[in-house]
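The values are calculated or read from the model by the stated rules, or taken from the named source; none is laboratory data. Remember, it's a predicted structure, so these values are computed and weren't measured experimentally. FYI the Cβ positions are ideal-geometry reconstructions off the backbone, even for glycines, and counts take in every protein chain you see. Surface areas here come from the heavy atoms of the whole protein model, side chains and all, with no ligands, DNA or RNA. Shrake-Rupley method; radii C 1.70, N 1.55, O 1.52, S 1.80 Å.
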Amino acid sequence: MQSSASSLDASFVLVDSEKPVTVPQTPATSKVRAMHPSNDLDYKPGSVRSYAHDWSQSSTGGIRIEGRHFVDSYGRVCSLRGVNLSGSCKTPVNHDHEEFPGDHRSVTFVGRPFPLEEAHEHFSRLRRWGLTFIRFLVTWEAVEHAGPGLYDTEYLEYIRKLLSLLPDYGLTAFVSMHQDVWSRYSGGSGAPAWTLETVGFDLHAIEDSGAAWLLGQKGGGHVEAERGLWPCGYQKLAAATMATCFWAGDTFAPKLRVKNQHGQEVSIQQFLQTCFLDMWDQVAAAVGDLEGVIGFQMMNEPHRGYINVPSLHSFDYNTDLHLSHVPSAFQSFQLGAGHPTLVSTWTRSFPMPTRHTSTTLLNTAKVKAWRQDGPTSGRCLWEYHDVWRWSNKSNKAVSLREHYFSVHPDTGKQVDWYTDYYFPLAMRWSDRARKVSSDSKLVFLEPIPNEFCPETWKPELRPKNMVYAPHWYDLNALFSKAFGDFSVNVQGLSRGMFPLKAFYWGQKGARDNYSVQIRTIAEKAYQVLGENPVIIGECGIPMDMNQKQAFETDDFSWQAKMMDAMMTALERASVGFTLWNYNPYNNDQRGDDWNGENFSWFSRGRALPPSLLYYEQTAPSLDNGGRILPSIVRPYAAKTAGIPLRFDYEVNAGVFTYEWVIPKSDKTAQTVATSSKVDEPPTIVSYSLSCRETEIFVPSQLSHNADLIVHGLGKDDLYRYDESRQTLFVVTNDMTPGRVCKISVFITPSPRPLFFVNDFWTDFSGHTMTAIAILLIIVCYFIFIR
């Protein structure tokens, strides 16, 4: 049964003239559940003040972890989706391509991701798009660029003011300490320049010696020869050495001792980790008390450096990108010490992303990466530790300790990066971050990129309230910057999948391909972690794919297809996510202006000026500057009075089906995994469900000037759609545990299809049947005539 609003006027319904109900509040960590007003049998759908994608305290009463789900104070499962804010945070406001590395101690990140005065525009836009869960990017350099212990208080005040605005727009965020390839000064983003100088690197010699690829920091990375090279920097000398010293300097570089800001001599590991944790204290203290900050992420895409490398002569192809010049650890040592060295060269290939094709002689100018006035007096740090040496007699490098980084140099015991180094620091960090903020903060951790959840992530090692936050990208499309009808499951191929099983055709094939990959990531996590939330912390598509044709034709249909395939896969896996990325500074020429990347589907340069904008959720003026929005701005069940089972949305028809089950509450039991499958969540939970109302985000873009029709409601179930809040409210009357609710929602008239969902049979069935018919005729000829 529907509420008093008819299906015809449902798309324009406002809250009844009666005063909207104020939702009672309980602390986020309380085990005493507030009663949602929908438990009143006279309650009318949508009578609360909030909207589906509102994560403020006034809407949810607080969000916490229960099993694999995020749950509000009424026991509703919260589906969190949003954006990374923002790729612009990797570089300072005064970054200069021509002068890099420049005066690295006087940079400023105040105004990243955007100036404070622009916040109303951007937060209103993200609210309209239903992308209200924010992965907010901060870098170590932004906080402590001036030197050890010298914090940029202006920047900390700026991010505090910015993040304090989030609840006004229904947004919530977790603060992620971003890094790629250790630092801008080793080819990525993250740590301050002085960290490299402390270890002994010469910032002005790093690139020429082959210790890092820095062209992307100087505005490069856009032409074919430079495309996608920056991730290879993880294996190069500068980044790999810094990561090794940071995580395990006491084990592998014990002779490297430096003075801290107090004049005390300490190990390089103690120096770097103490600076890192002290810097995090400043960040957590600055924003940790804010309502809009739900948690923290210790480090983006952590990397082990040389730790666990089984041989000095190779890296793991499955986890470390091999493209262009890829020196082994042994070769990197030689290059950094100023010796010309032959290095393997890899080129793009198929079906694997790259293959070894030749060797190239690098550092013919004999440039040294190490400072003469550094702690090793100009010597390679690893030669200093007797891992290798240069033989003057043979004029060649000699490997002395082939397995140096895979076993403890003193004990000979096998080391494990996660168990021995990553989690010990993660525990220290989480304890300190919570101590200066709140014990209820969520902790977001992720593995090395392209790895499944490691078996070593045992419960006793993990911080409490941990969220598993891996990343996913289509590696084939990412490094070819191309997408078409043919797609490849590189994740499967790299792990021995039979090639024909890894090849897919058409849009249906792309959806299925991505679904297999993302589902596998989630289910591998559930197998190891049990009932623990999974958020895909980064996922996105290159907007400059297919030779940047869309920038000339303004036809972004291939980008729309790829984004739809990815979004469909995320929905099928029932995981939350933050898309990479929303970057107001993106433009068609420089993209995101970092290492040649171009992922932002919003560009302020394409948008209307603020003077022409309206800021309501129904304001289409906010959409200007956005591209492929129908593939991104989609309906989703934000708050479910039950356990989500399945959500299917067809973007070309504007139709979705949603299925959920009413759980059984057993307060004496833990929420225990009965299956690692994404579509088989536990239905016996340890908390109470005190709400009958499910809130589904249905974008105004989809519903404006159309009717919204709901099929499948049970007896006495009610619904109301409020376009001004972009929310479909569904009140379930029968709350019997085990009851499965399933609704189908239609928009009429249907939106204009974006594209045809093709597959192999739609494209080739005629040719296939013709070939079969010809083959049968030939066979019959030989059997019956000859």
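Would you be able to say whether some residue in region 449-467 is open to solvent by 30 Å² or more (accessible area, probe 1.4 Å), modelled with pLDDT under 95, within 25 Å of PRO542 (Cα to Cα) and assigned to a helix (DSSP H, G or I)? Within region 449-467, not a single residue is open to solvent by 30 Å² or more (accessible area, probe 1.4 Å), modelled with pLDDT under 95, within 25 Å of PRO542 (Cα to Cα) and assigned to a helix (DSSP H, G or I).
Against the conditions (1) on the phi < 0 side of the Ramachandran plot; (2) under 25 Å from the mean Cα position of the chain (by Cα), PRO327 satisfies every one except (2). Restricting SER88, SER59 to residues that are hydroxyl-bearing (Ser, Thr, Tyr), not assigned by the TED database to the domain that holds PRO192 and not in a loop (DSSP other than H, G, I, E, B) narrows the list to SER59.
Screening ARG127 on (1) open to solvent by 40 Å² or more (accessible area, probe 1.4 Å); (2) within 22 Å of the chain's Cα centre (by Cα) shows it passes everything except condition (1). ARG604 passes every criterion in (1) open to solvent by 20 Å² or more (accessible area, probe 1.4 Å); (2) within 23 Å of the chain's Cα centre (by Cα); (3) modelled with pLDDT of 95 or more apart from (3). Within region 269-304, the set of residues being farther than 16 Å from ALA426 by Cβ and touching a Lys or Arg at 6+ places or on another chain (Cβ under 8 Å) comprises ALA286, VAL287, GLY288, LEU290, VAL293, ILE294. Residues of region 480-491 that are touching a Phe, Trp or Tyr at 6+ places or on another chain (Cβ under 9 Å), of a type outside the set (Val, Ile, Thr) and surrounded by 18 or more Cβ atoms within 10 Å (Cβ to Cβ): SER480, PHE483, SER487, ASN489, GLN491. Selection within region 218-257: residues that are among the polar types (S, T, N, Q) and open to solvent by less than 10 Å² (accessible area, probe 1.4 Å). The member of this set that is nearest to the chain's Cα centre (by Cα) is GLN235. Checked against the criterion of being in contact (Cβ under 8 Å) with a residue 24 or more places away in the chain, touching a Lys or Arg at 6+ places or on another chain (Cβ under 8 Å), closer than 23 Å to MET545 by Cβ and surrounded by 23 or more Cβ atoms within 10 Å (Cβ to Cβ), the candidates ALA573, ALA569 yield just one match: ALA569. Regarding region 157-166, can at least one residue be identified that is in the same structural domain as ILE448 (by the TED database), open to solvent by 10 Å² or more (accessible area, probe 1.4 Å), under 23 Å from the mean Cα position of the chain (by Cα) and among the charged types (D, E, K, R)? Yes - at least one qualifying residue is present in region 157-166. Per the listing ASP592, ASP666, ASP648, the residue uniquely among the charged types (D, E, K, R), surrounded by fewer than 16 Cβ atoms within 10 Å (Cβ to Cβ) and modelled with pLDDT of 95 or more is ASP648. For region 347-377, a residue qualifies if it is among the charged types (D, E, K, R) and free of Cβ contacts under 8 Å to residues at least 40 places away in the same chain, and the qualifying residues are ARG355, LYS366, ASP373. For PHE760, the stated conditions hold: it is modelled with pLDDT under 95 and either hydrophobic (A, V, I, L, M, F, W, C) or in contact with a strand residue (DSSP E or B) (Cβ under 9 Å, 6 or more places away or on another chain) (or both). Selection of first residues in region 146-162 that are assigned to a loop (DSSP other than H, G, I, E, B) and of second residues that are of a type in the set (D, E, K, R) and exposed (fewer than 14 other Cβ atoms within 10 Å of the Cβ), restricted to Cβ pairs under 8 Å at least 6 apart or on distinct chains, gives the following pairs, ordered by first then second residue: ALA146/ARG105; GLY147/ARG105. In this structure, VAL710 does not satisfy being modelled with pLDDT under 95 and outside the structural domain of ALA565 (by the TED database). Mind checking whether some residue in region 261-269 is over 29 Å from ALA469 (Cα atoms) and of a type in the set (D, E, K, R)? Yes: one or more hits. For region 492-506, a tally of residues being assigned to a helix (DSSP H, G or I), out of contact with any Asp or Glu (no Cβ under 9 Å at 6 or more places or on another chain) and either over 20 Å from ASP320 (Cβ atoms) or open to solvent by 50 Å² or more (accessible area, probe 1.4 Å) (or both) returns 4. You will find that of VAL407, VAL398, the residue that is surrounded by fewer than 18 Cβ atoms within 10 Å (Cβ to Cβ) and under 14 Å from LEU335 (Cα atoms) is VAL398 and no other. Listed by first and then second residue, the pairs with beta-carbon distance under 8 Å, at least 6 apart or on different chains, first residue in region 534-558 and within 30 Å of GLN297 (Cβ to Cβ), second at pLDDT 95 or above and among the basic types (Lys, Arg), are VAL534/ARG68; GLY537/ARG135; GLU538/ARG135; MET543/ARG627.
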